[in-house]
1. Does residue B:41 satisfy the criteria of being of a type in the set (D, E, K, R), touching a residue at least 40 places away in the same chain (Cβ under 8 Å) and buried (at least 23 other Cβ atoms within 10 Å of the Cβ)?
2. Under 8 Å between Cβ atoms, at least 6 apart or on separate chains: pull out the pairs that start in the stretch A:106-133 with a residue that is within 7 Å of another protein chain (Cβ to nearest Cβ) and aromatic (Phe, Trp, Tyr) and end on any residue that is crowded, with 18+ Cβ neighbours inside 10 Å and not in a helix (DSSP H, G or I).
3. Would you list the helices (runs of 4 or more DSSP H) that sit entirely within the stretch B:36-98 and hold 3 or more residues that are under 28 Å from residue A:127 (Cα atoms)?
4. Quick one: in the stretch A:271-292, of everything that is surrounded by fewer than 20 Cβ atoms within 10 Å (Cβ to Cβ) and among the hydrophobic types (A, V, I, L, M, F, W, C), which residue is nearest to the other protein chains (Cβ to nearest Cβ)?
5. Within the stretch A:252-270, how many residues are crowded, with 22+ Cβ neighbours inside 10 Å and part of a helix (DSSP H, G or I)?
6. Under the condition of being assigned to a loop (DSSP other than H, G, I, E, B) and closer than 16 Å to residue A:479 by Cα, which residue from the stretch A:494-517 is nearest to the chain's Cα centre (by Cα)?
7. Out of A:90, A:98, report the one residue that is without any contact (Cβ under 8 Å) to a residue 40 or more places away in the chain, more than 14 Å from every other protein chain (Cβ to nearest Cβ), farther than 24 Å from residue B:267 by Cα and not in a loop (DSSP other than H, G, I, E, B).
8. Residue B:245: surrounded by fewer than 24 Cβ atoms within 10 Å (Cβ to Cβ) and either more than 26 Å from residue B:61 (Cα to Cα) or not hydroxyl-bearing (Ser, Thr, Tyr) (or both), yes or no?
Amino acid sequence: MKIGDRLQGLLVSRKYLSIILVCIGCALISLFIGTDRYSQRILLLIILWAAASSSFNIISGYGGQVVFGYSMYVGTGAYTSVLLFKLLGVSPWLGMWVGVIIAIIIAFIIGLPTLRLHGAYFAVATIAFPLITVPILNNLGFEEIIIPFTGHGALSMQFTDLRYYVLICVLFLAGVLLIIQTMECSRFGYALKAINQNETAAEGMGIDTYWTKMTAFLISAGLGAIAGTLYSFGLLYVLTTFSGFGLSIIVKILSITIVGGIATLWGPLIAAIFLVPIGEFLNAQFGNRYPGVQDIIFGAALIFAIIYMREGIWVKIRGCFRTAPQRPTPSIKPGAMKDMEKQGALEIEPIKPRDVESNIHDPILKIEGISKSFGGVLALENVSFDVPKGKIVGIIGPNGAGKTTLFNVINGYLKPAKGKIFFEGKDVTYFKPHDLCRLGVGRTFQVAQTFGKMTVLENVLTGAFSQAINFAEAHRIAGGVVQQMGLAGRAYDQAVGLTIWETKSLEFSRALATKPKLLLVDEPMAGLNPEEANQIAEMIKSIAKSGITVIVIEHVVQNLVKIADWMIGLDDGRKVTEGTPQQVISNPHMIEAYLGAKWRERHVKS
Amino acid sequence: MEVLVQLIVAGILAGVSYGVLAAGLALIFGVMKIINFAHAEFAVLAMYLPTYFFLHWWGLDPFLSAFIALPMFFLLGYGIQRLVIERIIGTPEAETSTLIITMGISLLIANIILVIWSGAPRMINQPYTLATWSVGSVLINKAQTYSLFISLGLIFGLFWFLNRTMIGKAIQAAADDPEGSAYMGINLHFVYGLAFGLGVAITAAGGCLMATYRPFNPFYGETIIIILFASVVLGGMTSITGALLGALIIGLLQQVSALILPLALQNVAVFVVFVLFLYLRPQGILGKEGRMV
């Protein structure tokens, strides 16, 4: 577990170095090819498409929000700089940045409503923009713009020697790759990957999903605009709406990204090296007779890639060279948890809630008259209760009593119709889950919500980021929690392959890594055998002992009775009773709710 | 005033013709949660074959072609679903991957048409293509009127099929809860193929009808698809009724906007409404509770 910060730093700097070396390599190839325009042109195309596809990869690959209308931003960059140059004589070096700003504004306008909605809306909205821009530009008389050759050379980004363009594009590619590399091992990158895997869980781990997606989208759009400027000045004599905003641009970028490998650093460059020369060759051979042949190839490549090689070439190549990571002997056993209290605090600092300033006698959470209905069905009706600090509060109730709805309301996934929620005296009724997480409300889910394709450690790291000041601290927290929860043996395995028990442990680890003051635990014992259920109960007890207040929802009452300090009984969305576990389970209404009126009549003297 | 009446009539005629296409798109999205980006290209393909070339080769009337297109494109759609799209459905990224695949298909169809039949715009020349009736001072195109009635028939047929037959009900059940309906013995592969085939077939028939009064070229799909997207978003994505209503509104809007906008920019008005809906009422006109049919 102890990846030293220095080792980590070394690994990262090695990756930076390889990016710089590859880019220097590209520049040298270009230098040695000499003035052969055809070869230089193909090299230029490869680098440019690799850079554009990598930019596209940020939001679409890493963030998982595929921008189908990416040509909008490439086209905007191209048209802005070319029009500024032609009409006002503005240097493309300046026009490029104007293009970037306009592209970012357009992306913001598109993203603002659609990134909140179901993914289909985002897809449709992003496609619609370039489709409508083409007729508008055509109507304005900008269907074809001849880029004038002024002979100012460097100032107007016009060179007769294509090697200068290659050099500029290599610098751009290096910039894009360095941005991606920095992103990959930053808090932002982890947040983006987490969103891609499981948006609900990401939100619960203190990640502001909406603005993270938006930021990635704006970065991608801005870089796309730069690619557009370089494309039009480096390769085109005539800029057309088709070459700027056309569908074939996006299909090219999509196929390069997918064939190379979605969300990989090197994938797009490698795929571009394969695909671009093929496309150019076909275009040169058959382009005159069959004008659509290049698009047919790219369209077919796209369909083929999606069906047969979803992970792309790069992952395959990498797989050949990479040996499986060494794995410490799996130490994970349900029994391992028992020792947590005894030895948990040995080497690693114990999981503790953040310092609590407010008065110890105040309830940590105060629920006042919460009501919530779904299309006429009342799920919660006027529920009020206080949660004392440092205690374990159990909420019981039969299926459909409104337990999970209550959690979702407390946690900010749902907005209550009426009522107020106070956390440490602060009104948090309309807070989002990620805000609550930062305030100190952690959550585990009834149906485990892990980031399946990330490793166990990365999962926990995502939670740790919500409180940690920097990467190293997050690593330390995550490492500690993983160790403490007995997951160390699985730290480098993907979360998707864990057993039910391990998945539950992971959920707890991730929630604890956010250093909660209050932990909401939703049916932790569902699907576990009695032995494992006992272990969970022990785990909850030790969590509470470390000073974290815990609210547990549980369907199986017996397990809860043993650990809860206080219990609340829900039925039909109403709070039926509240008291010590013994009081609650002997309440006639609760007995009736669980076992029916007949059973109560027979067995309970009321 | 007469101009306005003329535009409203044109708007209704256009709206219903878009409605047929949008209904297919909404059916596919409603059942499989797939955005079929190639949707308009199927309509364009139908304009060439059977419509244009059956008339050209054998003198077959385009209105008959519309009915020939139904089984032809049903088989095509069913085949594409079973051979290509089905491989991806059910994976976590299915929504995105299917959109990417259909994007590839759309590019393939458009460019194959381009390679085989050239990019020259084509037009169908039948006695009714440019003929009109005049009601007062309002002129009504004959081809469009015939198309209107056939379109209404197709829509009625689709509703009848979905609501009154066992297979139609199975499709609706699969749309509502795929897992549950699979447990009830519904073969999802078959039902999805059916829904995709049906969606493509009705769209192709709509394309045939459209070809009787509009010139077209291989890339005509790019012009229509945005109208279809707008109609479907207005209708709340999954509702066929909503999509029809959306298409009608879009058709009216597009024609009436001719009062202030130049002809080439008709679709800009459509687009503005589309964006406004995304901001203000993303759940569509009928709201979240809108059912599929």
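The values are calculated or read from the model by the stated rules, or taken from the named source; none is laboratory data. Note that the structure is predicted; figures quoted are calculated from it, not measured. Here Cβ is always computed from backbone atoms with ideal geometry, including for glycine, and neighbour counts include all displayed protein chains.
1. Judged against the criteria, residue B:41 is a match.
2. From the stretch A:106-133, the pairs are A:121/B:237; A:121/B:282.
3. Where helices (runs of 4 or more DSSP H) fall fully within the stretch B:36-98 and carry at least 3 residues being under 28 Å from residue A:127 (Cα atoms), they are B:39-46, B:62-83.
4. Within the stretch A:271-292, the match that is nearest to the other protein chains (Cβ to nearest Cβ) is A:286.
5. Result for the stretch A:252-270: 12.
6. A:514
7. A:98
8. The answer is yes for residue B:245.
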